[in-house]
Ligand code: UD1
């Protein structure tokens, strides 16, 4: 029996509608469609069906995290600098999202965000990596997870910009996978006359792919021991966060989650919880309203901590985790997507999209720690075209952090004009500190280099 026929038998009813116009297709179109159907992973497809039945009900009881520390330790910072300088840390950036809410057509990382120079999110991360490397005198490695939708555009952007001053060998790219979308009946459907409707499968498979692509092994051979994971859409995320790394090492844990205090119960952020002895996150799209809004007797939020999907994890733990848990749970979302039908051709329709979430590894790890940072130091995501978490709020946050850096470096209040600091100000060397002590900024604002 051909591979396609066998697959069709396994997919059953869910695939029948795909072939209603088969005879009208050219030979190439028939090949396209049949190879896509033949490539569907049946166990994952069954998980998708289960996910539709169960609506990801939280089986376990959860409660607020019992133990967490606040950032601010000079000792941890110094230990982290030492580990980064010894080449023990690499950074993984999750950049496979579609950025639909932002309304930006290219990869989100290409969005120009900085205040004066209009540097893109990608550029800021690369310049941070370069500056961190300068600070510890070591070339640092980073990898971007893209998706089939934005992989080639991302690579092109880096090539066009000469990898933003990093050596090509410092940067790796790999693409996440896609999952078929399902219609309201749980059936597969077409997006084009000869192709299935697919969507990116979420950010949750990133560590598995790090192993699968061989990159983890390459980094291990280079002496990397800890991977710092960050999201592309948060320009305050630090690819080489020395304090986080130092704290993580001191705690002797496998994973340290970076967090901030929740301020608004309705903010679109996952909520950090604990079930049994392990940490977990309940996503904002799935948490019950009464839990999201729950307060203690003193009026403070019962679940005080927000998930930023920023964490560091031991490379050795990734290996065992991926081995023990080859499959990640799925989460579903009902979205408006593009479809195709024989009568009208292209159509808009509502369908189920399935995603894996990176924080679903948390319940599988018992040696974990939680470090809480001031919000203004690490969180200002770019999600929407206007309102909260838009370029306007992000630029305002970048400006106030730059002002704070100048204030603490010079001991002086900066002039009230817009300015942007080069990323080297985020990784201070003794020479930079010495140079800027007591020095006032030019009154004109603009771009300030060390
Ligand atoms: C994410 C977190 C949420 C957190 C919030 C903070 C997850 C699953 N959720 O939510 O708990 O409070 O950020 O800003 O992490 N991405 C991929 N592939 C995909 C989808 C997304 O790599 O298929 C990447 C995006 O490029 C982005 C990040 O993951 O860097 C977050 O994606 P997004 O869908 O915007 O997450 P949020 O819903 O904002």
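All of the numbers you see were taken from the coordinates with simple rules; none came from a lab. This one's a predicted model, so the numbers in the text were calculated from it and none came from an experiment. Methodologically, a virtual Cβ is constructed for each residue, glycine included, from the backbone with ideal geometry; neighbour enumeration extends over all protein chains shown.
Before moving on, here are some points about what is shown:
- Taking every C-alpha pair closer than 8 Å and separated by at least 6 residues, the mean separation divided by the residue count of the range 237-331 gives a relative contact order of 33 percent.
- Inter-centroid distance (Cα atoms) of the range 386-415 relative to the range 316-350, Å: 37
- With contacts taken as Cα pairs under 8 Å and at least 6 residues apart, the chain reaches a relative contact order of 21 percent.
- Inter-part distance where the range 207-277 and the range 162-180 are each reduced to a Cα centre, Å: 18
- Look at 71, 400, 391 and count the other Cβ atoms within 10 Å of each Cβ; fewest to most, that gives 400, 391, 71.
- The order of 183, 162, going from fewest to most other C-beta atoms within 10 Å of their C-beta, is 162, 183.
- Along principal axes, Cα extents of the range 151-303, largest first, whole Å: 55, 51, 30
- Kirkwood Rh (inverse of mean 1/r, distinct Cα pairs), the range 225-281, angstrom: 13.4
- Computed from Cα atoms, the angle from the helix 315-324 axis to the main principal axis of the chain rounds to 20 degrees.
- Long-range Cα-Cα pairs in the range 1-118 (distance over 26 Å), rounded percent: 65
- DSSP beta bridge pairing in the chain, given as percent antiparallel to the nearest 5: 60
- Three-way shape call for the range 250-382 based on the alpha-carbon gyration tensor, with the a/c threshold at 1.5: oblate
- Distant alpha-carbon pairs in the range 304-450 (separation over 26 angstrom), percent: 55
- D_trans [Stokes-Einstein, Kirkwood Rh over alpha-carbon pairs] for the range 60-138, 20 °C, 1.002 mPa s, µm² s⁻¹: 133
- The percentage of C-alpha pairs in the range 94-147 whose separation is greater than 17 Å is 46%.
- Inverse mean reciprocal Cα-Cα distance (Kirkwood Rh) of the range 232-317, Å: 14.4
- Value at 222 nm in deg cm²/dmol, rounded to 500, when DSSP H runs of n ≥ 4 in the chain each add -39,500 (n - 2.57): -9500 deg cm²/dmol
- For the range 125-185, the relative contact order is 44 percent, taking Cα pairs closer than 8 Å that sit 6 or more residues apart in sequence and dividing their mean separation by the residue count.
- Burial ranking of peptide ranges 417-425, 214-222, 60-68 (average Cβ count within 10 Å, highest at the top): 417-425, 214-222, 60-68
- Taking the C-alpha atoms only, the angle from helix 74-85 to the longest principal axis of the chain is near 60 degrees.
- Taking a ≥ b ≥ c as the square roots of the eigenvalues of the alpha-carbon gyration tensor, the range 358-428 is classed oblate because a/c is 1.5 or more while a/b is no larger than b/c.
- Ranking of 89, 193 by neighbouring Cβ atoms within 10 Å, starting from the fewest: 193, 89.
- The range 10-63 - convex hull of the alpha-carbon atoms, volume per residue in Å³: 106
- Rounded to the nearest 10 degrees, the angle from helix 121-136 to the longest Cα principal axis of the chain is 50 degrees.
- Overall Cα dimensions of the chain, principal axis frame, Å, largest first: 77, 52, 45
- Spatial offset of the range 280-302 relative to the range 1-78 amounts to 29 Å, using the alpha carbon center of each.
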